Amino acid sequence: MKCMRTLRRFWPFALLFPIASIALADEYSFDVSAFEKKPFELNGYVEFKQEDFALNRSGAFYKLNNVGLPSRESLDRSSATMQLTGKLRYGIGTFDFRTNSSLRRDQWTHDRDNSIYEAAWSIRPDPSFTLEAGKRSLKWGKGYAWNPIGFVERPKDPNDPQLAREGFVMADSDVIFNRQGALQTIAFTPVLLPVASNLNTDFGATGHLNPAAKLYLLYNDTDIDFAWQGKGSRPARFGMDFSRNLATNFEIHGEWARIQQFAKPVTDSTGRVITEVGNATSYLLGLRYLTESDTTFIAEYYRNGSGYSEQEAQQFYRLVDTAFSQLEQTGSNALAQKALSLSQGSYGRPNAGKDYFYFRAQMKDALGIVYFQPALTLMVNLNDSSYQVAPELQYAGVNNLELRLRLFLLGGGSGTDFGEKQLSRKFEFYARYYF
């Protein structure tokens with residue numbers, strides 16, 4: 001019976017296969033007009049996803065996020081997403097946008113969201129100069145899973161680094177100079193990211209213009225960026241990155257960032273919070289290697305200068321235990337509310353620790369099956385040795401259709417990063433149809 005219930009949850013994906021079969025029946029043809037820039041373009045995808053969670057009821061974040069809710073061992077979630085991207089060209093101007101609409105249902109929630117990820121107008125009077133304003137998702141940094149110099153963007157999800165992210169409303173421009181010699185290209189990108197009572201409020205404190213800039217250099221076939229963000233809604237910061245191919249199949253990259261006068265709240269097991277203010281240095285070093293058999297290996301070490309040490313994190317976990325013991329014994333939830341508030345800030349970030357290792361291996365056309373790509377991703381907190389491992393299977397052999405199956409397994413004892421997460425296992429399957 002449980003198997004039949006699981007199969008019923010996946011029936012919507014079957015609707016996509018007739019559509020894909022029709023697409024496969026079309027004969028191949030070459031159309032020169034398909035490569036011409038059209039005045040208006042519209043494309044995107046629809047996605048249906050099914051997730052099954054094994055909940056970690058002894059974990060700190062399960063307790064905090066489910067106060068007052070019935071205890072559960074598992075959770076089933078179904079969701080549908082549609083993402084649209086469009087581009088309108090007129091003369092030297094271009095308006096482009098990206099929208100994201102989603103519907104989600106599980107045993108606890110039933111919600112929907114409609115968001116504009118990007119919507120910006122740009123003008124290019126010359127190939128070397130672009131000026132734009134609107135909502136934009138910039139991508140600064142060379143790291144795959146993390147970007148310490150991503151000063152004016154929302155952080156990546158290391159579980160899905162290539163997923164589109166919502167941008168911020170800003171004004172920016174690009175000025176590019178190409179020349180002969182060792183220094184082949186120079187590009188300068190200034191940015192203004194204002195924060196007001198109804199504008200970019202999740203970036204930081206209101207009433208600031210938040211200037212930032214990035215200088216790009218291509219020097220002796222090495223990509224180098226220097227990035228800066230002035231003091232405003234967030235503390236001032238600066239940094240750099242680099243990327244270089246040592247061989248056609250071997251690339252190394254790195255990032256370094258310095259945040260000045262960063263304020264970090266630190267708690268003890270009794271709930272006493274001290275705000276530590278000081279400079280924080282983060283950096284990343286990684287490599288990407290492609291074998292002759294088309295297997296890609298990515299490895300990265302990430303030092304999170306604004307993160308918590310193993311001892312600081314354990315103090316927070318002990319606070320959660322103390323808070324819920326107090327709630328059971330006295331009925332008072334004051335300490336639990338304080339712990340919840342801390343979990344929604346610095347302690348609740350996806351990777352709030354100090355040192356992480358990331359590894360991913362992905363094989364192309366495995367077992368001789370074209371467009372079949374198995375992969376394995378590993379993330380380890382190097383301070384407490386807790387980890388997350390995620391094997392996956394991906395198939396894109398049907399025209400415009402992508403199928404992906406992933407299993408997340410979290411390991412670690414009590415008082416560790418991944419051992420205190422809200423879940424201990426997650427099964428995920430999605431079908432994504434592009435149009």
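Nothing in this text is a laboratory measurement; each read-out follows from the coordinates by a stated rule. Note that the structure is predicted; figures quoted are calculated from it, not measured. Using ideal geometry, Cβ is built from the backbone for each residue, glycine included, and neighbour counts are taken over all protein chains shown.
From least to most packed, judged by other beta carbons within 10 angstrom and beginning with the fewest, 253, 208, 110 follow the order 110, 208, 253.
Peptides 67-74, 357-364 ranked from most to least packed, by the mean per-residue count of other Cβ atoms within 10 Å: 357-364, 67-74.
Once the Kirkwood radius over Cα pairs is known for the chain, the Stokes-Einstein relation at 4 °C and 1.567 mPa s delivers a diffusion coefficient of 53 µm²/s. Does the stretch 228-275 come out rounded, prolate or oblate, given a ≥ b ≥ c as the square roots of the eigenvalues of its C-alpha gyration tensor, rounded meaning a/c under 1.5 and, failing that, prolate meaning a/b above b/c? Cα axes put the stretch 228-275 in the oblate bin. The Rg/Rh ratio of the stretch 349-416, with both radii computed over alpha carbons and Rh defined as the Kirkwood radius, is 1.12.
Would you mind classifying the stretch 184-337 by shape? Square roots of the alpha carbon gyration tensor eigenvalues, ordered a ≥ b ≥ c; an a/c under 1.5 is rounded, otherwise it is prolate if a/b is larger than b/c and oblate if not. Cα axes put the stretch 184-337 in the oblate bin. Taken about its Cα centre, the chain carries a charge dipole of roughly 840 debye when the Cβ of each Lys and Arg holds +1 and the Cβ of each Asp and Glu holds -1. Annotation: average projected area of the stretch 77-202 is 10.4 square nanometres, based on the convex hull of Cα atoms across all directions. Out of all Cα-Cα pairs in the stretch 47-122, roughly what percent, to the nearest whole number, are more than 17 Å apart? When all Cα pairs of the stretch 47-122 are counted, 61 percent exceed 17 Å. Close amide H contacts of residue 200 (hydrogens built in the peptide plane, cut-off under 5 Å, sequence separation of 5 or more or a different chain): 169.
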